[in-house]
Each structure stands twice: as structure tokens, then as C-alpha cells.
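This report concerns only the one structure given below.
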């Protein structure tokens, strides 16, 4: 009787391990990665990544919807650490691209002076494990995962946001990828040195309000990711940080944008 019980427990453990391994193996981001490769473009002048929302074909929109639905069925919370965070990030970014595509005529009419509307961000878009999520819900969900760098991987669609990653996030490369997205934001557009003024994107206060409110901690965070002289200047800066906004859509090509900056 005892040995039968032990064998049953062992069999159950094996089944659970196989199921977990199967779930991890089922996380495939190739379609999303390929779409980013076609439509995410680095603006060499500004050092920011823009997305060609208007170039999406009907088949590509269907593919992104199918990809998002597949991630939702998997339920990222059931995946191993790393894979879980990558899946949530990719799900958010895929849905953000679809949201901009849906709102594209209105955004174009406004000469792309703004990103997604508040209504578009609050609209329920996907069901995961019985719960409906909007983009705002997903941002809060990702923010609660415990790594402040994760929020820098989100495509919030405006030019004062961190860049949309040019490749899909993956569990194995996530640590390196998050370091890259934060470093690019700090060094290309998110932090500006203008004479004796230190200006930072308002998005820092939204993405990581805890350290953005503490100027000493904020300076150390920026310097950790800043390059060379920029890091030294940030650490030596004694004035207040000034916050700027640039709410224009991160659309490609940049020639479609009104040429105004904060």
C-alpha cells in the first residue's frame, strides 16, 4: 500500500514536470520577432525606435491577434521565471501595436501629435485565466512582478517613452534585454544634458515613481546606465531634475510627424 502511494506521488511529480516543460517549450515568439524586424526602425538621428503602424497588412494584424491569443491561452503566470516576464511584456507590446493600428486614422488626422488615447488604453483587450485585461491593467500587472526594469520594456507609444524593443523578449535573454532597453532610454532621448540643466522624461516618474522621487537614488540609477561623461555629469549634478514631455506618436517614418519638440 505504501509503495503504491509512493509510486503514485512519483508519477504525479513526473507529470507535473513534463507539463511545466511542455508549457515552457510552447512559448514561441518567432512571429512577433519577425514582425518587429519588418516594422520597428531605429531613427539614427534621435537614437529612438519607431514603428510603422500604418504599414501593417491585414494578414499581419491577424497574425498579431493570433499570437496574443496564444500567449493568453498559455497564461504567462504558469510559466517559469524569465519566460513569464517575457510573455507578459510581449503580450502588452503586441496589444499596444494592435491598439495603435485600430486608432490609426484618428491619430493620422491629428498629425500624430499624440499617442494612444486614454480610452484606448483602458479598453479591455484580452482575457487571461478568466480575467479581462486592458493595456492599463497589463501595465499594473507587469509593474507588480517585482523588477522595475520591466516597465521600461513597454511600448507606451509616445516619443518620451522607452523604445519599443526591436526584438521579441525571451526568457533566456531577458536580463540582457532589459539592461539594453533601460540603457538606450537613458542615453538616447530619455535624459538630456542642456548646459547646466539635467532634463529627464516624465515617464521616469510614471514607470518608477519610487526612485524618481528621490533625486539621489534617481541620479545613481541614471548613472548606472549612462555612458562615459554623461554618467559623471549626472552624478555631479547638484540642481533639480527638470521633467519634459513629448507626446507625439512613435511612428515610422518620422517625416509623418509634426516637427515640434519640448
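I'd like to know if segment 82-94 contains one or more residues that are touching a helix residue (DSSP H, G or I) at 6+ places or on another chain (Cβ under 8 Å), closer than 21 Å to residue 153 by Cβ, at pLDDT 95 or above and surrounded by fewer than 19 Cβ atoms within 10 Å (Cβ to Cβ).
Residues of segment 82-94 touching a helix residue (DSSP H, G or I) at 6+ places or on another chain (Cβ under 8 Å): 82-94.
Cutting the leftovers down to closer than 21 Å to residue 153 by Cβ gives us 82-94.
Now restrict to residues that are at pLDDT 95 or above: 82-94.
Add one more test, that the residue is surrounded by fewer than 19 Cβ atoms within 10 Å (Cβ to Cβ), and what stays is 82.
Looking for residues that are touching a helix residue (DSSP H, G or I) at 6+ places or on another chain (Cβ under 8 Å), closer than 21 Å to residue 153 by Cβ, at pLDDT 95 or above and surrounded by fewer than 19 Cβ atoms within 10 Å (Cβ to Cβ), one finds at least one in segment 82-94, hence yes.
The numbered conditions (1) closer than 21 Å to residue 149 by Cα; (2) out of contact with any strand residue (DSSP E or B) (no Cβ under 8 Å at 6 or more places or on another chain); (3) surrounded by fewer than 15 Cβ atoms within 10 Å (Cβ to Cβ) are all true for residue 199 except (2). Of the candidates 153, 143, the single residue that is at pLDDT 95 or above and within 25 Å of residue 98 (Cα to Cα) is 153.
Take the residues in segment 212-250 that are in a loop (DSSP other than H, G, I, E, B) and over 18 Å from residue 154 (Cα atoms), then tell me which one is modelled with the lowest pLDDT. Applying the filter and picking the extreme gives 213.
Quick one: in segment 187-196, of everything that is without any contact (Cβ under 8 Å) to a residue 60 or more places away in the chain and surrounded by 15 or more Cβ atoms within 10 Å (Cβ to Cβ), which residue is nearest to residue 138 (Cα to Cα)?
Of segment 187-196, the ones without any contact (Cβ under 8 Å) to a residue 60 or more places away in the chain are 190-196.
Retained after the next criterion (residues that are surrounded by 15 or more Cβ atoms within 10 Å (Cβ to Cβ)): 190-191.
Numbers: 190: 23, 191: 26 Å.
Across segment 187-196, the extreme among qualifying residues is 190.
Yes or no, residue by residue, for (1) within 14 Å of the chain's Cα centre (by Cα); (2) part of a helix (DSSP H, G or I); (3) free of Cβ contacts under 8 Å to residues at least 24 places away in the same chain; (4) crowded, with 22+ Cβ neighbours inside 10 Å:
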| position | (1), (2), (3), (4) |
| --- | --- |
| 145 | yes, no, no, no |
| 169 | yes, no, no, yes |
| 185 | yes, yes, no, yes |
| 210 | no, yes, no, no |
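Can you find even one residue in segment 128-140 that is in contact with a strand residue (DSSP E or B) (Cβ under 6 Å, 6 or more places away or on another chain) and under 20 Å from residue 76 (Cα atoms)? Looking through segment 128-140, at least one residue is in contact with a strand residue (DSSP E or B) (Cβ under 6 Å, 6 or more places away or on another chain) and under 20 Å from residue 76 (Cα atoms).
The set of residues in segment 45-70 being part of a helix (DSSP H, G or I) and in contact with a strand residue (DSSP E or B) (Cβ under 8 Å, 6 or more places away or on another chain) consists of 53, 54, 68, 69. The set of residues in segment 113-142 being in contact (Cβ under 8 Å) with a residue 40 or more places away in the chain and farther than 22 Å from residue 251 by Cβ consists of 126, 127, 128, 129, 141, 142. Restricting 119, 99 to those that are crowded, with 21+ Cβ neighbours inside 10 Å and part of a helix (DSSP H, G or I) reduces the list to 99.
So is residue 19 over 17 Å from residue 169 (Cβ atoms), part of a helix (DSSP H, G or I) and either touching a strand residue (DSSP E or B) at 6+ places or on another chain (Cβ under 9 Å) or at pLDDT below 85 (or both) or not? Yes. Scanning segment 122-143 for residues that are in a helix (DSSP H, G or I) and touching a helix residue (DSSP H, G or I) at 6+ places or on another chain (Cβ under 9 Å) yields 122, 135, 136, 137, 138, 139, 141, 142, 143. Please tell me if residue 64 is free of Cβ contacts under 8 Å to residues at least 40 places away in the same chain, closer than 15 Å to residue 164 by Cβ and touching a helix residue (DSSP H, G or I) at 6+ places or on another chain (Cβ under 7 Å). When the stated conditions are applied, residue 64 passes them.
The values are calculated or read from the model by the stated rules, or taken from the named source; none is laboratory data. Since the model is a prediction, treat every value here as computed from it, not as a measurement. So basically every Cβ, Gly included, is an ideal-geometry build from the backbone, and we count neighbours across all protein chains shown.
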